[in-house]
Amino acid sequence: MTTVGTRSTGNRHGALEDVLVLDLTATFFGSVAAALLGDFGADVLKIEPPLPGARRFEDLDGEHEPGSWNSLFDFANRNKRSLALDLDDERGNAVARELVARADCVITDHSPDWLSGYGLDYDGCCAVKPDIVYVRGSSLGPKGPDSELPPFDEIAAARTGMMPILPQPGQPPVFPGHGRMYTAVMLAFGAAAALYHRRETGQGQQVDASLLAGNMYGASLDLQAFLAIGGERFLHPVSRLDAGNPMSGTQYPTSDGLWITLTMPETDRWWPVLAEVTGLDPADSRFESHDKRCDENRLVLMDLLDQAFRKQPASHWRAIFNDRQMSADVIEDFGYPATDGMARDNRYILDLEDPSLGHTSMLGFPIHLSASPAFLRRTAPRLGQHSAEILNEMLGYTPVRIGELVQARVIV
């Protein structure tokens, strides 16, 4: 159990501990990217408008009740400090530029026009910090006629080609919703790669990772096959009973309404044990070769397996799969990882004790470093929680000067 505000890994240092990041993000995926840098020790300063009650994400309306715990915001903004700063005020803009001059990395998802209006585009930042690493999350990429469209995952996913093939035939396209997470990781990786390049050469640079790229790489198995081979079969949904291999990538229902999935592409290896546990005859001449199982008698085998798996609940099949070390498993809902011991052992899920929320859980760290692991230093900040601290610590502002900015509502 981790108490909020404490490190979860003792006194070990983060891999990015000496890196100062200015977080100028407004979307979920951009904020997650900055949080990933913070997870590995970067000092992430989140600059946001000093407007209490304002939305703190632009792309997640309706995903939490007003006034309730915004768990998505807390997840995407852990390990950050908050500076509530009015960029429309000349004094606030000057503060932002002073911070840029001290930063190693700026990460943003705003439009080029918005950024240039505040002098916080790449050229503006380079004017005060020539070797800045400038990371921007975009919608469809940095080039082309639609490069300045707002960054919405649904729009990018719609252009990827994946949505029409996800459902069963005859059903509407399915929005996978994962593109923003792929893109967040790409942004963080791009930042780390550019920081390493700067350490080796002294050169800063621009980094872009788009929601379109994230969605395309999320669909890479199918998309790369289409690029290499082409053909109509990659453009339309495939019924589960039209799979080419009854023993691999195929799902079957169980007696309690759950589903199992088989991943046995080498059917010669797996056929004897699969036949045995499902009550089929391993010596059945209809299935005596890979070609017969996957070609001329494919539908017959699918039907027999479908009937067999329907006779027992999912727990029965999982026990058999585990006992026989078979390449198969039960398809679970979110309740499974939420209570899975391995997820906690690997810190994919963190259990927290929060002073106001009590016991709660949060997604943890997807990447493991043995010598400099990710850790939770602090949960998401309140709006402006660290404004005075940042101005004093980073810029040497006196309490009197900070008080004047508070009085003028330049900071909160």
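The values are calculated or read from the model by the stated rules, or taken from the named source; none is laboratory data. Not measured: the values here are computed from a predicted model. As a convention, Cβ positions derive from the backbone with ideal geometry for all residues, glycine included, and neighbour counts pool all protein chains shown. Areas reflect the complete protein model, heavy atoms only, side chains present, ligands, DNA and RNA absent. Shrake-Rupley method; radii C 1.70, N 1.55, O 1.52, S 1.80 Å.
In region 228-240, the residues that are in contact (Cβ under 8 Å) with a residue 40 or more places away in the chain reach residues that are among the hydroxyl-bearing types (S, T, Y) with C-beta atoms within less than 7 angstrom, at least six apart or across chains, in these pairs: R240/T250. When region 40-49 is filtered for residues that are within 13 Å of G14 (Cβ to Cβ) and crowded, with 24+ Cβ neighbours inside 10 Å, the ones remaining, listed by number, are A42, V44. Restricting attention to region 171-184, the residues that are outside any helix (DSSP H, G or I), open to solvent by 60 Å² or more (accessible area, probe 1.4 Å) and within 29 Å of C105 (Cβ to Cβ) total 0. When you check S285 against the structure, is it modelled with pLDDT of 95 or more, of a type in the set (S, T, Y), open to solvent by 20 Å² or more (accessible area, probe 1.4 Å) and farther than 25 Å from L166 by Cα, yes or no? Yes: the conditions hold for S285. Screening L195, L187, L221 for residues that are part of a helix (DSSP H, G or I) and open to solvent by 80 Å² or more (accessible area, probe 1.4 Å) leaves exactly one candidate, L221.
Pairs are defined by a Cβ separation below 6 Å, a sequence spacing of at least 6 or placement on different chains, a first member in region 333-354 that is on the phi > 0 side of the Ramachandran plot, and a second member that is surrounded by 10 or more Cβ atoms within 10 Å (Cβ to Cβ); the pairs so defined are R347/G364; R347/F365. Could you list all residues from region 152-169 that are small (G, A, S) and either open to solvent by less than 50 Å² (accessible area, probe 1.4 Å) or in contact (Cβ under 8 Å) with a residue 24 or more places away in the chain (or both)? Listed by number, the residues that qualify are A156, A157, G161.
Rundown of residues vs (1) modelled with pLDDT of 95 or more; (2) open to solvent by 10 Å² or more (accessible area, probe 1.4 Å), yes/no style:
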| residue | (1), (2) |
| --- | --- |
| F57 | no, yes |
| G62 | no, yes |
| W69 | no, yes |
| R91 | yes, yes |
| R102 | yes, yes |
| I107 | yes, no |
| L115 | yes, no |
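All conditions but one from (1) surrounded by fewer than 17 Cβ atoms within 10 Å (Cβ to Cβ); (2) assigned to a helix (DSSP H, G or I) apply to H236; the one that does not is (2). Summed over region 100-123, residues that are among the small types (G, A, S) and touching a residue at least 12 places away in the same chain (Cβ under 8 Å) total 4.
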